[in-house]
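Chemist: Mind having a look at this structure? Questions to follow.
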Amino acid sequence: MMLQGIMGPFFRRLAIALGNAGHQVFKVNFNGGDRAYWRLPNGIDYRGTLEEWPGHFAQLLQDHAITDIMLFGDCRDHHRAALEICREQGVTAYVFEEGYIRPDWVTMELGGVNGYSTLSRDPAWYRALAAQLPPIPEHRKVSSSFPRRATEGFIYNAADVLSRWRYPGWQNHRPWHPVVEGMGWARKLNRRKERRAQAEQLINQLLASKARYFLFPLQLDSDAQIRLHSPFVGIAEAMRQVLESFARHAPDDVRLVIKEHPLDNGVRDWELDAKDLAEQLGIADRIDYIAWGDIEAISQHSLGMVTINSTSGTLALAQTIPVVVLGTAIYDMPDLTNQAGLDAFWRNPVAPDAKTFAAFRRVLIDRCLIPGGFFSDEALDKVVTHAVARFEGRVLLPD
């Protein structure tokens, strides 16, 4: 039984592949967006409230003799309740997320992901286990289209808004109404050429001047990783802590580059917030804000990365860039990330041990990563093929 997936056709295509392999698949639709991307038999519209959901879900498991469930993201309220019931009843749960290691990988993990993952935080465990595994052959990169992602999100949200009457008990896990998000995206996209040019100019200046800087990539304010797996109530609180620590403890000749999340909806002006806070702290001349740009290129020239728990952290670790984590992250462990805290990080950023990261990556691929992506036909074909194989206990080499 599938619950909510990522906005787009992934779960529909996965269900077709599972059906072709002989498995019976049901899908619970919580809103019109879920329904719009399903369009297959065995769709179940849930129209009740969140409070009624656990009992209803337990009955669905019994009525349809469900042995396994699949869902995208384990922090949504309906998913958290469903996972608890699955643990009680011995139903296997597969949780999908965008990959711990990006790009070109998708997380498909048993039981939970990120802060709810059961994987060890002991670097010695990864080194010992990786030593028993064969090397992973190189796999081809897959294409990913931002316009396609935006279009699929628009279709999903439009279908949700236009069918709210059909799902009276639905409560979106996101803090903004889709119309508000749509207005934010319109404002952001209207400025994209101007802000992209500004970002490119700033990046070129940083590289040409050989400036010494740390990187702080922002996460989405609506991300459950912030609400459930960090000490912060939102990005504003995290930004204040980072800038205050930077003002007090960073060397005077070092800059801090704040990178906006590429999927930020533009509802809140984080650049203005950062500038106002920097002015208050007397560090406005040492803070840079980048609204667009490739984070890989920016991070590889940085002194280190500060992150709450973003998968950008694994990107930095792969480049042997020092990382400090402010929340709960699967990769936050000795030999990989700085364990002395944020204040000490500015003056003593310690690079990760490359062999430990290689072992960590190897174990992740063995246990919970599959190749592919969500935002091109090529990427979907690959991730669906490998997801079915992982579900059936077959091992396919990355291609």
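Just so it is clear, none of the values below were taken in a lab; they were calculated from the coordinates. Everything numeric here is computed off the predicted structure, so don't read it as measured data. So basically every Cβ, Gly included, is an ideal-geometry build from the backbone, and we count neighbours across all protein chains shown.
Chemist: Quote to one decimal, in nm, the extra length available between Gln241 and Asp381 on full extension: 0.36 nm per residue of separation minus the C-alpha distance between them.
Modeler: Numbers: separation 140, 0.36 × 140 = 50.40 nm, distance 4.22 nm.
Between Gln241 and Asp381, full extension yields an extra 46.2 nm.
Chemist: Take the alpha-carbon centre of region 333-399, take the same for region 1-38, and report the distance between them in whole Å.
Modeler: What the calculation gives is 25 Å, centre to centre.
Chemist: Okay, moving on. Grab the beta carbon distance between Glu194 and Leu50, set R0 = 41 Å, and tell me the FRET efficiency rounded to 0.05. Before the final figure, lay out the partial values.
Modeler: Values: r = 41 Å, r/R0 = 1.01.
It comes to 0.50.
Chemist: Quick check: Cα centre of region 272-291 to Cα centre of region 112-173, how many Å?
Modeler: If you average the Cα positions of each part, the centres end up 32 Å apart.
Chemist: Taking 45 Å as R0, compute the FRET efficiency from the Cβ-Cβ separation of Ala131 and His64 and round it to 0.05.
Modeler: Numbers: r = 43 Å, r/R0 = 0.95.
So the FRET efficiency works out to roughly 0.60.
Chemist: Then there is this: In whole Hz, what ³J(HN,Hα) sequence does region 389-394 give by Karplus (6.51, -1.76, 1.60; θ = phi - 60°), x for Gly and Pro?
Modeler: Rounded to whole hertz, the list is 4, 5, 4, 8, x, 9.
Chemist: By how many degrees, between 0 and 90 and to the nearest 10, does the Cα long axis of helix 178-190 differ from the longest principal axis of the chain?
Modeler: Approximately 40 degrees, to the nearest ten.
Chemist: Does anyone have the angle between helix 53-63 and the longest principal axis of the chain? Alpha-carbon axes, 0 to 90°, nearest 10?
Modeler: Computed tilt is about 40 degrees.
Chemist: Now for a different question. Measure nothing fancy, just the Cα-based angle from helix 10-20's long axis to the longest principal axis of the chain, in degrees from 0 to 90, nearest 10.
Modeler: It is inclined by approximately 40 degrees.
Chemist: Turning to a different aspect of this structure: What's the local net charge at Ser163, with K and R +1, D and E -1, over the other residues with C-beta under 13 Å away? Mind showing how you got there, number by number?
Modeler: On the way: positive: Arg35, Arg47, Arg164, Arg166; negative: Asp34, Asp45, Asp160.
Computed value for this residue: +1.
Chemist: So if we plug the beta-carbon distance of Ala344 and Asp122 into 1/(1 + (r/R0)^6) with R0 = 25 Å, what FRET efficiency do we get, rounded to 0.05?
Modeler: Details: r = 23 Å, r/R0 = 0.90.
After rounding, the FRET efficiency stands at 0.65.
Chemist: Which ³J(HN,Hα) values, rounded to whole Hz and listed in residue order, are derived for region 79-94 from phi using the Karplus coefficients 6.51, -1.76 and 1.60 in 6.51 cos²θ - 1.76 cosθ + 1.60 with θ = phi - 60°, glycine and proline given as x?
Modeler: 6, 4, 5, 5, 5, 4, 5, 4, 4, 5, 9, x, 8, 6, 10, 9
Chemist: Separate question: Given the options Leu60, Pro41, Ala284, identify the residue whose Cα lies farthest towards the positive end of the charge dipole of the chain (+1 on Cβ of Lys, Arg; -1 on Cβ of Asp, Glu).
Modeler: Pro41
Chemist: Still on this structure, I have one more. Under unit Cβ charges (Lys, Arg +1; Asp, Glu -1), what dipole magnitude, rounded to 20 debye, does region 210-358 have relative to its Cα centre? It would help to have the intermediate numbers written out before the result.
Modeler: Numbers: 12 positive and 21 negative charges, 75 e Å.
The dipole magnitude comes to about 360 debye.
Chemist: Still on this structure, I have one more. With the chain treated as a Gaussian network of Cα nodes joined by springs under 10 Å, which of Arg87, Arg35, Arg240 yields the largest mean-square fluctuation?
Modeler: Maximum fluctuation in the GNM of the chain, among the listed residues, is at Arg87.
Chemist: Let's see if you can work this out: charge +1 on each Lys and Arg Cβ, -1 on each Asp and Glu Cβ, no other charges. What is the dipole magnitude of the chain about its Cα centre, in debye to the nearest 20?
Modeler: Numbers: 44 positive and 48 negative charges, 139 e Å.
With Lys and Arg at +1 and Asp and Glu at -1, about 660 debye.
Chemist: Shifting gears a bit: In percent, what relative contact order does the chain have, based on Cα pairs under 8 Å that are 6 or more apart in sequence? Walk me through the intermediate numbers first.
Modeler: Working: 661 pairs, mean separation 83.6, N = 399.
Averaging sequence separation for qualifying contacts and normalising by length gives 21 percent for the chain.
Chemist: Any idea how many Lys pairs in the chain come in under 25 angstrom at the alpha carbon, given 8 or more places apart or on separate chains?
Modeler: Step by step, the pairs that qualify in the chain add up to 11.
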